[in-house]
Amino acid sequence: MEQTQPCNLKQRETFARLLEEAKKREAETLEAVDDVDHRIEKELLPKLAQAQAGASELIAKIGPLEKELAVAEKALCDLGFEFDDDVLSLRWNAPAKLQKALEAGKRSARIEREKSLKKFDLAILGVWSAETTDEAKGIVEALL
């Protein structure tokens, strides 16, 4: 009759290492978790969409709309613009004419802003040079 021997620490470590190596080999032969998730989504989501009322019709509309969107974005891009997240912007390589027009508009807006703020600077100077409270008060009231 064979007598069982107790398992020592070295033997346990060896068995555990063998199992870890076997697990690693098995994992390499199996699909990665992301691959499994992607495959299941690709297989299952169309079936779920078919079961959901109205989803198939909406999905059928998306393809042509995406193509239309791509065509419109390309045409807009060719003109020198981008439209992303409901924000229109000028592309970095937009025609010089558009870039100059945009810079002129910005410059004009900055000048208007400075003009609007300058009246307050002049009023502050007026308050400092006012000889009476009524005169200072009149300067303030005129702007408020």
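Quick notes on this structure:
- Probe 1.4 Å, all protein chains present, accessible-area order of VAL71, VAL127, largest first: VAL71, VAL127
- Candidates ALA60, ALA27, ALA96: whichever shows maximal mean-square fluctuation once the chain is modelled as a Gaussian network with Cα springs under 10 Å: ALA27
- Counting heavy atoms of the protein chains alone, ASP35 has an accessible area of about 80 Å² for a 1.4 Å probe.
- Dividing the helix sum by the residues of the chain, where each DSSP H run of 4 or more adds -39500 (n - 2.57), gives a mean residue ellipticity at 222 nm of -26500 deg cm²/dmol.
- Longest exposed-site-free window of the chain, the sites being GluC sites (Glu not before Pro) in a DSSP loop that have at most 15 other C-beta atoms within 10 Å: 32-130
- Computed from label points 7 Å out along Cα-Cβ, the spacing between GLU43 and VAL127 is 7.5 nm.
- In this structure, the residue pairs whose Cα-Cα separation is over 25 Å, taken from LYS42/LYS67; LYS115/LYS137; LYS74/LYS97; LYS23/LYS47, are LYS23/LYS47.
- Largest-first principal axis extents, alpha carbons of region 90-144, Å: 58, 17, 13
- Here the chain is assigned +1 on the Cβ of each Lys and Arg and -1 on the Cβ of each Asp and Glu. Its dipole about the Cα centre then comes out at about 460 debye.
- Per residue accessible area of the chain, 1.4 Å probe, in Å²: 92 Å²
- Local electrostatic count at LYS74 - Lys and Arg +1, Asp and Glu -1, tallied over other residues with Cβ under 13 Å: -3
- Projecting the Cα atoms of LEU30, ASN93, PRO46 onto the dipole axis of region 1-137, where Lys and Arg carry +1 and Asp and Glu carry -1 at the beta carbon, places ASN93 farthest toward the positive end.
- Membrane-span-like helices in the chain (whole DSSP H runs, Cα extent of at least 15 Å along the helix axis, mean Kyte-Doolittle hydropathy of at least -0.5): 55-79, 96-129, 133-143.
- Cα-based Kirkwood hydrodynamic radius, the chain, one decimal, Å: 25.1 Å
The values are calculated or read from the model by the stated rules, or taken from the named source; none is laboratory data. Bear in mind the structure is a predicted one, so any value in this text is a computation, not a measurement. Cβ: placed from backbone, ideal geometry, glycine included. Neighbour counts: every protein chain shown. Note: accessible area is taken over every heavy atom of the protein model, side chains too, but ligands, DNA and RNA are not part of it. Shrake-Rupley method; radii C 1.70, N 1.55, O 1.52, S 1.80 Å.
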